[in-house]
Amino acid sequence: MNTGTSLVSVNGRTYRRPERPLVVVCIDGCEPDYFERAIEAGTMPWLARVRATGAYLTADCVIPSFTNPNNLSIVTGAPPSVHGLSGNYFYDPETGAEVMMNDPKYLRCGTILAVLAATGARVAAVTAKDKLRRLLGHGMTGICFSSEKADETTEAEHGIADALGFVGRPLPSVYSADLSEFVFAAGVKLAERLRPDVMYLSTTDYIQHKHAPGTPEANAFYAMMDRYLRRLDELGSTVALTADHGMNAKTDATGAPRVIYLQDLLDRWLGAGRARVILPITDPYVVHHGALGSYATIYLSSASAADVGKKLAAIPGIDVVLEREPACVRFELPPDRVGDLVVISERHTVVGTSADRHDLSGLDAPLRSHGGLSEQRVPVVINKPVRGVDTSRRLRNFDVFDLALNHVA
């Protein structure tokens, strides 16, 4: 790493350049109980040691508690009001189209990864799904690829040719635990061979959507993770863990999904075409959740947002209904990418559009999902103690780079 200024400024925050290799891991869908139950079961011995000797904290993720806005908050050190990603998916009023937010054109600021790379750090990012790759790698010089498309990498676009051969594992299915294991295997291989100064690893929540904390399947997944994290530690890295969101069962006592279909309700109340429900959880990979989460935003053509919001708030299973301005203030969201109303369902309920627009046939386990306030608490764990942290401040998952770079001795 080049010598020079020891500090960099990104989005109004200052970070020390790493003195030792730093690996930041975003574990998709990891509520703190996954760690606790795995440690109790004896399947995460490395993490058990870190809990006793390092930093073992909890924090709030950003709302909506979905993948894209939280990963981008982590790598920018800022909330969605700064980076612009209001979900995985949004309605663009300028074009009248509903689109995925996986194009860097929607990103409104630079990333910590890009700035560190520009100052001479060797930077690498590996993500499970390709939907995040271009966002994470925006403006960044270095290595950036996904498990999903590891067989398609080129030196020019990804900073590495034949990532599949480099990692030495078969190309994983996008609907598998192997997709996340490939991320960890890639991280270890990069650390062993190329020794990046900064590495960002982001997994998928395939396991968490299917298996609750403490189940044999969940504990086996976290045991796998523990082995790779231990190896990164052995290689001399500062290892910092957090999550993009938690996960909860969204079912009734019989195991059936608890769904409030907002578009059906609004069409009945206001007439067809008078309201548009947007589900920001939507992405190309909906088999395990049917595009059902606990957060929605609603665009109204003429009806009073206050009146509609009052009716929605009275529905059992709805947790919070806010108009645009107070929602954007409370959740630090970009107002131009949020509808007239924000609706959040309670812990065991999801919101959908219309019943006939959600295919739940792919669910082979009781529905588990995220998006709401009930999935906001996430772990922040670092394999070394942290010092000089204001314990009275509200800790966020996007503070992880600050903790790892500025507060580790």
Exercise. In the chain, what is the count of Lys pairs whose alpha carbons are under 19 Å apart, counting only pairs at least 8 residues apart or on separate chains?
Worked result: 8
For this session: Quote the charge dipole size of the range 58-213 about the Cα centre in Debye, to the nearest 20; the model charges only the Cβ of Lys and Arg (+1) and of Asp and Glu (-1).
Result: 320 debye
Exercise. Averaged over all directions, how much area does the convex hull of the C-alpha atoms of the range 316-389 cover when projected, in nm²?
Worked result: 8.8 nm²
Exercise. Can you give the calculated 222 nm mean residue ellipticity of the chain, where each DSSP H run of n ≥ 4 adds -39,500 (n - 2.57) and the sum is split over every residue, rounded to the nearest 500 deg cm²/dmol?
Worked result: -8500 deg cm²/dmol
Exercise. Looking only at Glu217, Glu19, Glu94, which one moves most when the chain is put into a Gaussian network model with springs between Cα atoms under 10 Å?
Worked result: Glu94
Exercise. When the accessible area of the chain is computed with all protein chains present and a 1.4 Å probe, what percentage of it is carbon and sulfur?
Worked result: 49 percent
For this session: At 1.4 Å probe size, with every protein chain present, just tell me what the per residue accessible area of the range 44-188 comes to in Å².
Result: 32 Å²
Seminar exercise, completed: Along the range 89-102, Karplus-curve 3J(HN,Hα) (6.51, -1.76, 1.60; θ = phi - 60°) to the nearest Hz, with x for Gly and Pro, reads 8, 8, 9, 9, x, 5, 9, x, 10, 8, 9, 6, 9, 10
Exercise. R0 = 30 Å: FRET efficiency of Thr95 with Ser302, Cβ-based, nearest 0.05?
Worked result: 0.90
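The values are calculated or read from the model by the stated rules, or taken from the named source; none is laboratory data. Quick caveat, the model's predicted, so the values are computed rather than measured. Every residue, glycine as well, gets a Cβ built from its backbone with ideal geometry; the counts of neighbours run over all protein chains shown. Note: accessible area is taken over every heavy atom of the protein model, side chains too, but ligands, DNA and RNA are not part of it. Shrake-Rupley method; radii C 1.70, N 1.55, O 1.52, S 1.80 Å.
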